[in-house]
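The values are calculated or read from the model by the stated rules, or taken from the named source; none is laboratory data. Note that the structure is predicted; figures quoted are calculated from it, not measured. We place every Cβ from the backbone using ideal geometry, glycine too, and count neighbours over all the protein chains shown.
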Amino acid sequence: MPVTFKHATLPNGLTIVAEVDPDAHSAAAGFFVRTGARDEPSPVMGVSHFLEHMMFKGTHDLTAEEINRGFDELGARNNAYTSHEMTVFYAHTLPEKLTPGVDLLARMMRPALRQEDFDTEKGVILEEIAMYKDEPFWVLYEAASERHFTPHPLGHRVLGTEETIRDLTSSQMRAYFESRYSADNTTLALAGNLDFDRIVDQVGELCRAWQTTRPIRDAARPATNAQRFVMRDAKVSRAYILALADAPSVQDQRRYAASLLMQILGGADNSRLHWALIETGIAEQAQASFDPRDGCGEYFIFAAGDPARHEEIWDIVERQVADLKDSLTEWDLERLRAKYATSLTVGSERPADRMQRLGRIWTSLHEYRTLESELERINAVTLDDLRTLLDAFPLSRRTVGILLPQD
């Protein structure tokens, strides 16, 4: 039987969407909250990610141990994540376990936010921040994002800073939760072998008391900065170079061309940067990617290698970027269309992947797009589209950060 799209909106504004597949051997559910690091006031930077942790610390009638044990007893694969755009809580189960899985997810979405749990978890978050300070890529990426987007909150760090987390109070967290984790700012995405009407009734009862707050987000394209900076760190032994540039938003139809363009420039294999830097042994890492966001987007270029060769590495990157427009060929598009078709088709066979795709698209665009329509949009991209895109969003205007050893 074909996959069927289903949609319902509860009286309080909570949206439920599903791709129902009676032939699937599993089912998945995820609550997508349209809030993340970009929605945080600067003094409470990191509160969305902190709240992600607090969801697992227990409700007024469930302990943290009961939540964890509940997912284990269902045999669920569950987790959560926070980005600049959204915060997501999900579970992947056998079809007969989806109903109790949704029950557990919905109940944990209203945490107790106890002071003792808040105090304990604050230490965990600070340890996580300290851990990422030992990751050169993240140190450089966060520094570049801050410089590129400042003063816009898209420059916020998802984890926050040591200062903002130490100063954060439980009352500030609760106020943020009550304003943004509302019914009308949340989507429940489902996929796989499931009874949609039954789950709508179930969630309608479970989430009936969730409030409607009409939260807002400034989705206007922010003014960005273009600068070059150098950082030195005694703990690193390699050179790391990272560039950010403006790109199409998630609402922009040119995002399909942008995704293909970055794969041509810096995909894992058969890309310009791969052949110029990795296959030649000049660099150890080289990649490029595209991140579409609400109202704007970001091109990302990264390379790493011997500190003594960092200028050579970046010179090669700049040449590949400068030559990209004139070097594009139909073969580039043909091979990528085939890869995207394979990737999307393989992903469609897993309800967990379908659920994630459905939830992210609905949260970002408030509309449904089939897998077939996405492939049609990718296949419709032409060389002229890629070249026109490079004119509209030139990679020459960028923020470039370099991280080198202290000596």
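Out of region 26-58, which residues are surrounded by fewer than 18 Cβ atoms within 10 Å (Cβ to Cβ) and among the hydroxyl-bearing types (S, T, Y)?
Passing the criteria: only S42.
For every residue, the table says whether it meets (1) farther than 16 Å from T35 by Cα; (2) surrounded by fewer than 18 Cβ atoms within 10 Å (Cβ to Cβ); (3) small (G, A, S).
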position: D167; (1), (2), (3): yes, yes, no
position: S171; (1), (2), (3): yes, yes, yes
position: A175; (1), (2), (3): no, yes, yes
position: E178; (1), (2), (3): no, yes, no
position: A183; (1), (2), (3): no, no, yes
position: D197; (1), (2), (3): yes, yes, no
position: D201; (1), (2), (3): yes, yes, no
position: C207; (1), (2), (3): yes, no, no
position: Q211; (1), (2), (3): no, yes, no
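Within region 224-235, does at least one residue satisfy the condition of being of a type outside the set (A, V, I, L, M), out of contact with any Asp or Glu (no Cβ under 6 Å at 6 or more places or on another chain) and surrounded by 19 or more Cβ atoms within 10 Å (Cβ to Cβ)?
For region 224-235, residues of a type outside the set (A, V, I, L, M), out of contact with any Asp or Glu (no Cβ under 6 Å at 6 or more places or on another chain) and surrounded by 19 or more Cβ atoms within 10 Å (Cβ to Cβ): absent.
Working only within region 70-86, note down all residues that are assigned to a loop (DSSP other than H, G, I, E, B) and buried (at least 19 other Cβ atoms within 10 Å of the Cβ).
Across region 70-86, the qualifying residues are A76, H84, E85, M86.
Could we say that D315 is buried (at least 17 other Cβ atoms within 10 Å of the Cβ), modelled with pLDDT of 95 or more and not hydrophobic (A, V, I, L, M, F, W, C) here?
The answer is no for D315.
Pull up region 25-51, narrow it to residues that are within 20 Å of L190 (Cα to Cα) and outside any strand (DSSP E or B), then point me to the one that is farthest from the chain's Cα centre (by Cα).
Selected residue: H25.
Which one of the conditions (1) within 20 Å of the chain's Cα centre (by Cα); (2) in a helix (DSSP H, G or I); (3) not basic (K, R) does D119 fail to meet, given that it meets all the rest?
Failed condition: (1).
Is at least one residue of region 136-151 among the β-branched types (V, I, T), within 30 Å of Q406 (Cβ to Cβ), touching a strand residue (DSSP E or B) at 6+ places or on another chain (Cβ under 6 Å) and assigned to a loop (DSSP other than H, G, I, E, B)?
no
I'm trying to understand the selection: among the residues of region 374-407, which are under 22 Å from the mean Cα position of the chain (by Cα) and farther than 20 Å from V321 by Cα?
E374, L375, R377, I378
Would you confirm whether any residue within region 11-25 is surrounded by fewer than 20 Cβ atoms within 10 Å (Cβ to Cβ), of a type in the set (S, T, N, Q), within 26 Å of D294 (Cβ to Cβ) and touching a helix residue (DSSP H, G or I) at 6+ places or on another chain (Cβ under 6 Å)?
Within region 11-25 (the criterion being surrounded by fewer than 20 Cβ atoms within 10 Å (Cβ to Cβ), of a type in the set (S, T, N, Q), within 26 Å of D294 (Cβ to Cβ) and touching a helix residue (DSSP H, G or I) at 6+ places or on another chain (Cβ under 6 Å)), the answer is yes, since at least one residue qualifies.
Go through region 117-151 and give me each residue that's polar (S, T, N, Q) and either in the same structural domain as V400 (by TED's automatic domain parsing) or surrounded by fewer than 18 Cβ atoms within 10 Å (Cβ to Cβ) (or both).
T120, T150
Give all pairs with beta carbons closer than 8 Å in which a residue from region 355-375 that is over 13 Å from F5 (Cβ atoms) meets a residue that is in a helix (DSSP H, G or I); count only pairs at least 6 apart in sequence or on separate chains.
E374/L344; L375/Y340; L375/A341; L375/L344
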